[in-house]
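The values are calculated or read from the model by the stated rules, or taken from the named source; none is laboratory data. These numbers come from a predicted model, not from an experiment. Cβ placement follows ideal geometry from the backbone for every residue including glycine, while neighbour counts extend to all protein chains displayed. What goes into the accessible areas is simple: the full protein's heavy atoms, side chains included, and nothing from ligands, DNA or RNA. Shrake-Rupley method; radii C 1.70, N 1.55, O 1.52, S 1.80 Å.
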Amino acid sequence: MAQEDIFKKLIAHCKEYGFVFQSSEIYDGLGAVYDYGQNGVELKNNIKKYWWDSMVMLHENVVGLDSAIFMHPTIWKASGHVDAFNDPLIDNKDSKKRYRADVLIEEQLAKFEEKMNKEVAKAQKRFGDAFDEKQFRETNPRVLANQQKWNELHARFAKALNDNDLAELKQIIVDQEIACPISGTRNWTDVRQFNLMFGTEMGSTADGALKVYLRPETAQGIFVNYLNVQKTGRMKIPFGIAQIGKAFRNEIVARQFIFRMREFEQMEMQFFVRPGSELDWFEKWKETRMKWHRALGFGDDNYRFHEHEKLAHYANAAVDVEYKFPFGFKEVEGIHSRTDFDLSQHQEFSGKKIQYYDPELGESYVPYVVETSIGLDRMFLQIMSASYFEEELESANGKKDTRVVLKLPAPLAPVKLAVMPLVKKDGLPEKAREIIDDLKFDFNCQYDEKDSIGKRYRRQDAVGTPFCATVDHQSLEDQTVTIRYRDTMKQERVAISELKEIIASQVNFKALFAKLS
RNA sequence: GCGGGAGUAGCUCAGUGGUAGAGCAUCAGCUUCCCAAGCUGAGGGUCGCGGGUUCGAUCCCCGUUUCCCGCUCCA
């Protein structure tokens, strides 16, 4: 089957079995926003637990944090998000290319400068050593003409930018007869503002309100709490702060199901280190994180590192962990060496000293940061993609059959155990309930008595339940049940009293964590 | 944002200018079965939404919204 078809089936499966629903579906939906259903929320919580415990429980120098979504607006100025996430964009209707309007105008300004410089260069050649550039620039009519154009355009451009006047920006592009470099035409759309940050107002009165943003990343909540955690937790460098939380980006194009959403959840850990040691830690965390992914057992070859060639303004090293999705290798996690950019920026913008006194060195410094940042929703999709199988089966009488099975790692499965009476009479349902009542404090259990036993097994396969226990007449006599395994479909008869231990040995995270060290 | 495709029952999809059907699923009853498809019955849709053409629109036209694909964008 084509990979794309599998992806489509996976999306349908997510809906049909209560993993993922589109937001506000009965109102036609809301673009690129999704809700997690009764099984999805369980899986998601289990993924969080796997990540959180592997960070906070297994590393004594990593602690947790849960910072608010709303933060002081200046934080986003300090982080660079206000500038970098705020672009006036314009499209050329013929070439279908999109440009930043401000960049187009700046290029036009550069053209005038170029013309002036050419005149200067020509004159310099002609006059040689006697050439007085300052005088030339002040007197040459061609240079003066261009300089005046430059001045006029620059003044107009600066005013438009300051006033955030998009119509004026468009008018400038029209007036300057700026053409698309690809199509060569001047057939432009209007200039539109694309701000990747969602904004709202805090405070009840309009004039006294503070413009606040929904955070576009969770990292800043960690940076601005660096001092609080370091001091109250008596943390010594190197140490890390982990956080799971929602982030929001008003994506221009948000697609591929839950791969790129407007509201999404991140699991981030910022690790603070001594300057100069950041690249060693970067390598160490690369390795640690890759192990974490591979421990799930979806095939080592399905993961790879993708080194960033173009680094963001804050980073001196960056790598993605990519997984082979049905639509190709895609980023699941990013590991970045963020230098001291963020803490220094906050130090500058807040006016508070954000430093660490290193007793070994006997000096204070702004720590460097190595970040691991994983998209929880992407991780969810990755696990669903990797777990979804359509198996061809042949039964004893030669009948062909297919089953859809989610081979989720047992610790992550939404339901751990389904208990079902073989038939719904003769006291079998009561016995099944009895077993659940005993085990429900340990595992998420489900009871099912509807339809044939085979059908019930398949229903559990579809949501990834690793174990089914079936109560039959023999159970009443000798206190045993048949346990049926999801992946192999094998069955064996075990004592009811053994169930707890059999399941516990498979569904706890210990086996996974053992692969991490 | 541009271009293309799609939207009919929970799911997969038929269908017709005269107000809708199948299979599966769901529910109830029968059957009592260890790998989905045995029998009987029931519920469920203002055919994405809005407007237009028409005596009449699920069907034709326009707009809009959502999803998919390509481009674009992407800390």
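Which of the following residues is farther than 30 Å from A:H81 by Cα, surrounded by 12 or more Cβ atoms within 10 Å (Cβ to Cβ) and touching a strand residue (DSSP E or B) at 6+ places or on another chain (Cβ under 8 Å): A:N195, A:N187, A:N140, A:N146? Show your work before the answer.
Details: A:N195 fails: farther than 30 Å from A:H81 by Cα; A:N140 fails: touching a strand residue (DSSP E or B) at 6+ places or on another chain (Cβ under 8 Å); A:N146 fails: touching a strand residue (DSSP E or B) at 6+ places or on another chain (Cβ under 8 Å).
Result: A:N187 is the single residue among A:N195, A:N187, A:N140, A:N146 that is farther than 30 Å from A:H81 by Cα, surrounded by 12 or more Cβ atoms within 10 Å (Cβ to Cβ) and touching a strand residue (DSSP E or B) at 6+ places or on another chain (Cβ under 8 Å).
With the requirement that a residue be within 13 Å of RNA strand B (Cβ to nearest atom), among the charged types (D, E, K, R) and part of a strand (DSSP E or B), what does the stretch A:283-321 give you?
Looking only at the stretch A:283-321, we keep the residues that are within 13 Å of RNA strand B (Cβ to nearest atom), and these are A:306, A:308-315, A:318-320.
Next cut, among the charged types (D, E, K, R) only: A:309-310, A:320.
Result: A:D320, single match.
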**Request:** Tell me which residues, restricted to the stretch A:299-339, are open to solvent by less than 40 Å² (accessible area, probe 1.4 Å) and over 18 Å from A:V370 (Cα atoms).
**Result:** A:G299, A:Y303, A:E322, A:Y323, A:F325, A:P326, A:G328
**Message:** Exactly one condition in (1) within 16 Å of RNA strand B (Cβ to nearest atom); (2) polar (S, T, N, Q); (3) outside any loop (DSSP other than H, G, I, E, B) is false for A:T465; which is it?
**Reply:** (3)
**Message:** If a residue must be more than 14 Å from A:N117 (Cα to Cα) and open to solvent by less than 80 Å² (accessible area, probe 1.4 Å), how many such residues does the stretch A:149-162 contain?
**Reply:** 9
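Could you tell me whether the stretch A:126-147 includes any residue that is among the polar types (S, T, N, Q), more than 23 Å from A:I90 (Cα to Cα) and not in a helix (DSSP H, G or I)? It would help to see each step written out before you state the result.
First, pick out the residues of the stretch A:126-147 that are among the polar types (S, T, N, Q): A:135, A:139-140, A:146-147.
Filter once more, keeping what is more than 23 Å from A:I90 (Cα to Cα): A:135, A:139-140, A:146-147.
From what's left, not in a helix (DSSP H, G or I): A:140.
Yes, the stretch A:126-147 contains a residue that is among the polar types (S, T, N, Q), more than 23 Å from A:I90 (Cα to Cα) and not in a helix (DSSP H, G or I).
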**Asked** When the stretch A:212-246 is examined, which residues are found to be closer than 20 Å to A:F282 by Cα, within 16 Å of RNA strand B (Cβ to nearest atom) and part of a helix (DSSP H, G or I)?
**Response** A:A219, A:Q220, A:I222, A:F223
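Quick check: is even one residue across the stretch A:35-52 part of a helix (DSSP H, G or I), among the hydrophobic types (A, V, I, L, M, F, W, C) and over 19 Å from the mean Cα position of the chain (by Cα)?
So the first thing to find is which residues in the stretch A:35-52 are part of a helix (DSSP H, G or I), and the list is A:38-52.
Checking which are among the hydrophobic types (A, V, I, L, M, F, W, C) leaves us with A:41, A:43, A:47, A:51-52.
Cutting the leftovers down to over 19 Å from the mean Cα position of the chain (by Cα) gives us none.
No: the stretch A:35-52 contains no residue that is part of a helix (DSSP H, G or I), among the hydrophobic types (A, V, I, L, M, F, W, C) and over 19 Å from the mean Cα position of the chain (by Cα).
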**Message:** Name the single residue that is most open to solvent (accessible area, probe 1.4 Å) among those in the stretch A:479-498 being near RNA strand B (Cβ under 10 Å from one of its atoms) and polar (S, T, N, Q).
**Reply:** A:Q491
**Complete:** the stretch A:349-460: strands (runs of 3 or more DSSP E) wholly inside it with 3 or more residues that are under 30 Å from A:M269 (Cβ atoms) and away from RNA strand B (no atom under 12 Å from the Cβ) are A:356-358, A:363-365, A:368-375
**Message:** Filter the stretch A:1-34 down to the residues that are among the aliphatic types (A, V, I, L, M), part of a helix (DSSP H, G or I) and in contact (Cβ under 8 Å) with a residue 12 or more places away in the chain and list them by number.
**Reply:** A:I6, A:L10, A:I11
